[in-house]
Structure formats: C-alpha cells, structure tokens
Amino acid sequence: MSNIATKKHEPLFHIVKRNAIPWWKAWIVRAISILLAVVVCSFVTILLTKQNPVLVWGAMFKGAFGTERIVWRLFRDISLLLCVSLAVTPAFKMRFWNCGAEGQVLMGCLATFATVRFLGGTVSEPLLLVISLAAALIAGAVWGLIPAVFYAFFKTNETLFTLMMNYVAKGLITLSIIYFQWENTFGSQIVSPLRIGRLPKVYNDHLVIILTVALITLFMYIYLNYTKQGYEISVVGESENTANYIGINVKNVVIRTMLISGAICGLAGFLLVSGKDGTVSPDTADGRGFTAIMVSWLAKFNPIYMIITSFLLVFFQFGSKEITRSFRLNDDFSEILTGIVIFFIIGSEFFINYQIKMRKLTKEGK
Amino acid sequence: MKKFLSLLLVAALALTLTFSFVACSNETANGDEAGENNAEATNDIKVGFIFLHDENSTYDKNFIDAAVAVQNKLGLTNDQVIMVTGIPEGSECYDAAIDLIDQGCTLIFADSFGHEPFLLDAARENPDVQFCHATGTMAHTAGLANFHNAFASIYEGRFLAGIAAGMKLNEMIANGDFTAEEALIGYVGAHPYAEVKSGYTSFFLGARSVCPTATMEVQFTGSWYDEALEREAANVLIGRGAKLVSQHADSMGAPSACEEAGIPNVSYNGTTIEACPNTYIISSRIDWAPYFELMITAVQNGTEIPTDWCGGIKEGSVKLTDLNTAVAAAGTQEAIDAAKAQFEEGTLKVFATDTFTVGGVALDEETLADVDTDDTWTAETKVVSEGYYHESEFRSAPYFDINIDGITLLN
C-alpha cells in the first residue's frame, strides 16, 4: 500500500475553470468550433450520402442567399427569431427561467387574428392595425404576467409553470378556430389567410418586420445596459438577497420584467400573423420560443451578439433545407447537419469557460 | 497564444483533409443550370413538387414515388423535376411555390389539403404558371385558369378493400373464433371530415356487402401523422373487441399495433407486408402517376389541364396492392375482381341508397352536400339521384360526410 501512496497518481487531464478570457480569444474559439463543425458535417455528408461536400456547402449558401427574395426572407426570419430572443432575455438575465415564450408568442398571434376577424370592416385599416397590435401586446404580457405573479407571491416553479402555459395557449388556438368557426368545423383546421389588417408593404413584405425588430434590439440594448431598471434586473439575477438588502423590490422587478418580456413576445406574434402568415394555427410560432432560449444564451444575453447567433441558426436552417432539396435527401439529413452545428456551437462555450489541463510531464516547464 | 496557434493548425489540417477527400469523391452531382443543353431534355419544362412531409410519411411517399416514376417514364432530369419536402400548411407553401418559379418551374404541384389557400395566392400572382393541387376543393369555384384540383375515386378502392375485410371476418366466424354478432371492425381515422368519413364509410359498406352482421367503431387521432396516437387508437379499438382494424392516417402506428396483437389489418397508401407479414391483408391506394403524366404532358403540349380531375379504376388512379394470401380468406381475389369489373361497367355503386340507412331511413333526393366552398360552410348541392349518392362527381375531392347506421364514432 505504502509504495502506491508514494507514487503520485494524476489523471491524464483535468478540467479547470478559466478565470477570464479576453473577448477576442473567445471569438477565436467560437470561430474554430464552427470551422470544425463544417469539417465534421462534410465527413458525415461524404459517409452518408457520397456527395461532394463542396457542392453540399454550395447548396447551403444557395439556400440562404440564392435569390434576392430568399435573402429578404432570411433576414425576415432572423428578425422574427431575434424578436423572441430579445423578449426572453431580460427574464433570463434576472434568472427567471421563462420557457413560455412559445405560448406568449402564440397568444399574440391569437389576439391579432381574433381582433382582425371581429373588428375587420367596422374600423379603418390603420386603426385596425393599431388595435390588433395593442391586443397582441396585452395578450402576450398577460401570458407572461400569470406565472410571474405566482412566482412572486407563491414561489411556484417558473420553468414548469411557463412550459405548461405553452400548451394552454396552443389549446386555446385550436379551441378558438373551432368555436368561432374560422375554418370549417369539420375541416382541416387550416385557416385561410387574412386579406385585411395586414402590415403595410414598404418596398416589400419583409422590410417593416426587419425595421421593427431593429428598433426593439436597440431599445433592449439600451434598456438592459443604461437604465436603472436594467441594472435592477442584473442585481436580482446575481442575488435576490443583495437586491432585497439594497432596497430593490424583487416582486415588482419580476412582475415588471415578465410584463415586458411577454409584451415583446406578443409583438413577435403580431408580426407573425399580420406580417408573415396572415393565419393562425397552434404551430404558427414554429418552435421559435424555444430556439430563442438558445439564441439568447449563446449571446450571453447581449442583444447585439444575438443578431449574430440568430443569424447563424437561421442560416443553417435555410441552408440545410436546400441541401435536402438539391440532393433529394430526406428532411432528417438537414436536421443532422443542423444538430452537428448546434452541438459545436454549444461545445465552444465549454472551452471558453473551462480549460483542459493535461498531466504535466516533467520535461514540460511552464 | 501557443495553444491557439496549435489549435488553428489543427483546424487547418482538418480542412485540408476534407478537401483532399473531396478530390476523391468527385461524383457528378447536379449543378445548377446543367439541364439547359442536355440532349435528353428536348423541351425545357421544369416541374416543382411541394410535399408536406418526406418519404417517412406513407402519404407523401405515395406522391414522391409516383413523381419519380413519371419523371423516369418521361425522361426528365433531376433539374427538371424539383421536389421540396417538409413544407407546412402555411405561408411557407406560398414561399416554396415562388422559389420554384424563380428556379424556372412552369408547373407547380402541392400534395396537402391545407396547402390550397396559399397555393391559390401564388396562382393569382403568377398567371403564366400552372398550379395543380391534390385533394383540394377550391378550383371549380376560384375562377382561375391556371389553378387545378385533382383527386381519385378512392372510395371505390376502399370498398374493394372492405370486401377483403368482410371475407376475412366471415372466415373467422366460420372457424368459430367469434360469433357473427361480434364481427366488430375497428377504424383509426385522422380527422372527422369528408375525406376520412367517405373513406371509412365506403370501406364499411364493402365489408358489410359480404359480412352483413359487421359493425364498425371509429377512433379519431386529430392528426394526419402521429405514430404514437395511431398506435394507441388501434390498441383502444382492439381492447374494445375489434376483430379487424383498418386506418386512414399516415404512419405505421395502427398496422404495427395490429401485428403485435395478431389482429388482421387492411392498410392504406401502400403495402405494409414487410413490417406486418402475419396480419396485413391488402391495401388500397391512389396512384398519382396517371395524373402527374397528364399534367406534365399538358404543359409540354400547351393543352389545358382539367380544372377538377377525378381519376378512377379505369384511369389507373385507384389501385389495390397485392393480396397477402397468407392472411386473406380463400376466394378474396375472385370476389374483388368481380366487384372491380362491376365498377368499371358502372353497375355497382358504393353509396347505393338501398344499402345503408341514416337514423333508420334511407337518404332521399333532397340530401345536400357542401360542394362549393364558401365562408359559411353550408351544404348547397343535391347529391342523391338514380338511387345512389354521387360522390366525387360534382367535385373531385370527397364530400360524403354523413354518419350512417352501423358505424359508431368513439370520439
């Protein structure tokens, strides 16, 4: 036993938390991880499909930048994802795990659509837009407010609560479609798109959406970094006790932040119905409420970085669809590629926060 | 810093590796505009197909297979036949159609019912492009020269498949497995609307034409494609005493539940014999190849595509897959062939009003159906005459949505 104890056993490597890493090094790590993701995807493509990966990546760019129309649509979808991501960010910064963005967006969609169906024809078109926008903001805010109130006063688990609210919102949409007969009761529940109450065309269908979200991005950046409320959010996120000690009313901050979070989700719902789809279904939000969590997290809750992360995700989504189409592969293949890329992007965060120390050889002097 | 340099080097190495691999695998994948001066492509037609799911859905697979078959038959290249899968029933369908037009397509086809309003928008804005839509209902009232619907008289195929089911029930009764009164059929349906109702009613009438004591229970899943729900629905029906199960939903859920429980299954969309060798009897399906050929050659020749086309047994649109003789009752093929001949002669009608009742009485000639789609969903067309319900004659998509006696809806 004793002679074993004298030998110093050390694992081949161990993981150490980094103290701080300069921003440029962090970005080099991220760039390398994306590069490696591209390499792995290429190998997977060769092995599984026997296709030339250069052509495959060419198809990816074609899918995202192929025509002017596609580029506009790419930026529209980036904007919509970014909008939801901006919405969840203040709550996350506060460490309030709002997984209910999907439902909050859907409530915005439902409110927009219902307003147009019920008021359409009785008020002027600009007024109709304003009312439906207001309805969407309120609906989203209310859907955010409910779990916030329960959290603030009864300490309910906000993750589960907000998740469940998603299903309630989906159910409400199905119920409304059937109850109000927006579509044949015995039909497929696909509601025909609205002809009125649509966002005005400025240059094309997408510019208004893109500009609106650009404004929201700017607003959120300033709100989080340069306002008293933004500061309060950071403090509550760091430690509720500290916040209480320095006289911040945590309940108020939680409720106020979730109202803002929900309202911006409601806005995203308004843009989806009034700007993009013109119709409503339980799938209108298309998972953006969940993808947004990743966008926000990867960008470290920084609204400007979020532009980059949402661009990346939407780019790969568009590109992998085109790969599927050009090479007649099935949808699963594009999901494999997107999965690999996301895996590497998330993995890079590990290497930014931690470093791997190899077992020191006696020769190595450091 | 050194570490970063070495990391960069590794990345660079890996990249070079990939590209050397590329050099090895120079398969001639289709370049962008390669189809232009291809000798085979004498006419430069480009067709775009929009599919709801990929080939993992039996519904879409049936369309995709037909499209590939027609592409090969007409000698078109992959550049001339562009297929887009996984397009939801929303504005994505419109976007997909516009993209296909940007790529030079002059004929666009979409396969799902819910694609219709979005495809219609694209058709309105692009009068020079032809649009064909399967299972839709709006072409005959839309007033657009370039928008067309198509379907098939699949209720006749269902009736024939129903005969196979009835024969099997008779065989099991004769074997003493259960009494004639216990001959319960289970049916897993997607949504409670005409396409499904017309389907299970014709299937039931086919079964009852040979097994008069048969009854049926229907369980809806509320989804066209949900393997877990379809499996569960089939198990519920089997638990309630169903002796045979059929389905109108697009996953393998119901057939595989039957295989596990050892309950005979009449399938849809195509054969399931590989996964279910011990329970699969027969399957009815629509073969879309005749329609695809019709629409493509019409555009090539500059002739009109019918506004609302309904293919039948004669056109080759309604097909039955091979009978699984290991499971089916003796004499099934002969019985099906006899009925098929009668359909082609026009002497047999699936919805003959003397074969079924509604609330104890037969349908009269005042019976209305919602043939023309409008905002209020009212039935406006008289559909019963000459002793039968005229399904798919006033419009290709089914409109028979009546609950007949003998069929119980569970949900």
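The values are calculated or read from the model by the stated rules, or taken from the named source; none is laboratory data. Everything numeric here is computed off the predicted structure, so don't read it as measured data. Positions of Cβ are generated from backbone atoms using ideal geometry, with glycine treated the same way; all protein chains shown enter the neighbour counts.
What do you reckon, is residue A:79 small (Gly, Ala, Ser), in a helix (DSSP H, G or I), within 20 Å of residue A:295 (Cα to Cα) and under 10 Å from the mean Cα position of the chain (by Cα)?
So residue A:79 does not fit the description; no.
Quick one: what pairs do we get from the range B:220-232, first residue at positive phi, second in a loop (DSSP other than H, G, I, E, B) and not hydroxyl-bearing (Ser, Thr, Tyr), C-beta under 8 Å, 6+ apart or different chains?
The qualifying pairs are B:222/B:190; B:222/B:191.
Restricting the search to the range A:1-17, which residues are more than 38 Å from the chain's Cα centre (by Cα) and modelled with pLDDT of 70 or more?
A:9, A:10, A:11, A:12
Kindly provide the set of residues from the range A:227-277 that are among the small types (Gly, Ala, Ser) and within 30 Å of residue A:111 (Cα to Cα), ordered by number.
Scanning the range A:227-277 gives A:230, A:261, A:262, A:263, A:266, A:268, A:269, A:274, A:275.
Going through the range B:264-281 one residue at a time, which ones are part of a loop (DSSP other than H, G, I, E, B) and surrounded by 20 or more Cβ atoms within 10 Å (Cβ to Cβ)?
B:264, B:269, B:272, B:273, B:276, B:279
Would you point out which residue out of B:179, B:201, B:135 is within 29 Å of residue B:108 (Cα to Cα), β-branched (Val, Ile, Thr) and touching a helix residue (DSSP H, G or I) at 6+ places or on another chain (Cβ under 9 Å)?
B:135
Run down B:335, B:362, B:339, B:330 and say which single residue is surrounded by fewer than 11 Cβ atoms within 10 Å (Cβ to Cβ) and of a type outside the set (Asp, Glu).
B:330
Residues in the range A:163-170: is at least one touching a Ser or Thr at 6+ places or on another chain (Cβ under 6 Å) and away from every other protein chain (no Cβ under 14 Å)?
Checked against the condition, which is being touching a Ser or Thr at 6+ places or on another chain (Cβ under 6 Å) and away from every other protein chain (no Cβ under 14 Å), the range A:163-170 yields no hits at all.
Residue by residue through the range A:325-354, note down the ones that are surrounded by 14 or more Cβ atoms within 10 Å (Cβ to Cβ) and not in a helix (DSSP H, G or I).
A:327, A:328, A:329, A:330
Exactly one of these conditions fails for residue B:295: (1) outside any strand (DSSP E or B); (2) in contact with a helix residue (DSSP H, G or I) (Cβ under 8 Å, 6 or more places away or on another chain). Give me its number.
(2)
Within the range A:67-83, which residues are aliphatic (A, V, I, L, M) and without any contact (Cβ under 8 Å) to a residue 12 or more places away in the chain?
If the condition is that a residue be aliphatic (A, V, I, L, M) and without any contact (Cβ under 8 Å) to a residue 12 or more places away in the chain, then A:71 is the only one that fits.
Taking the condition among the acidic types (Asp, Glu) and farther than 28 Å from residue B:398 by Cα, does residue B:260 pass?
yes
Does any residue of the range A:54-65 turn out to be at pLDDT 95 or above, crowded, with 20+ Cβ neighbours inside 10 Å and assigned to a helix (DSSP H, G or I)?
Looking for residues that are at pLDDT 95 or above, crowded, with 20+ Cβ neighbours inside 10 Å and assigned to a helix (DSSP H, G or I), one finds none in the range A:54-65, hence no.
Take the range B:96-132 and flag every residue that is touching a Ser or Thr at 6+ places or on another chain (Cβ under 8 Å), part of a helix (DSSP H, G or I) and not acidic (Asp, Glu).
Selection gives B:113, B:114, B:117, B:118.
From A:63, A:58, grab the single residue that is over 30 Å from residue A:275 (Cβ atoms) and not assigned by TED's automatic domain parsing to the domain that holds residue A:270.
Being over 30 Å from residue A:275 (Cβ atoms) and not assigned by TED's automatic domain parsing to the domain that holds residue A:270 holds for just one of A:63, A:58, which is A:58.
With facing chain B (nearest Cβ under 9 Å), at pLDDT 85 or above and in contact with a Lys or Arg (Cβ under 9 Å, 6 or more places away or on another chain) as the only criterion, which of A:70, A:32 stands out?
A:70
Consider residue B:401 carefully, then state whether it is among the acidic types (Asp, Glu), part of a loop (DSSP other than H, G, I, E, B) and closer than 25 Å to residue B:188 by Cα.
Yes: the conditions hold for residue B:401.
Which of the residues belonging to the range B:87-113 are within 9 Å of another protein chain (Cβ to nearest Cβ), buried (at least 21 other Cβ atoms within 10 Å of the Cβ) and touching a Leu at 6+ places or on another chain (Cβ under 8 Å)?
Within the range B:87-113, B:89, B:94, B:112 meet the criteria.
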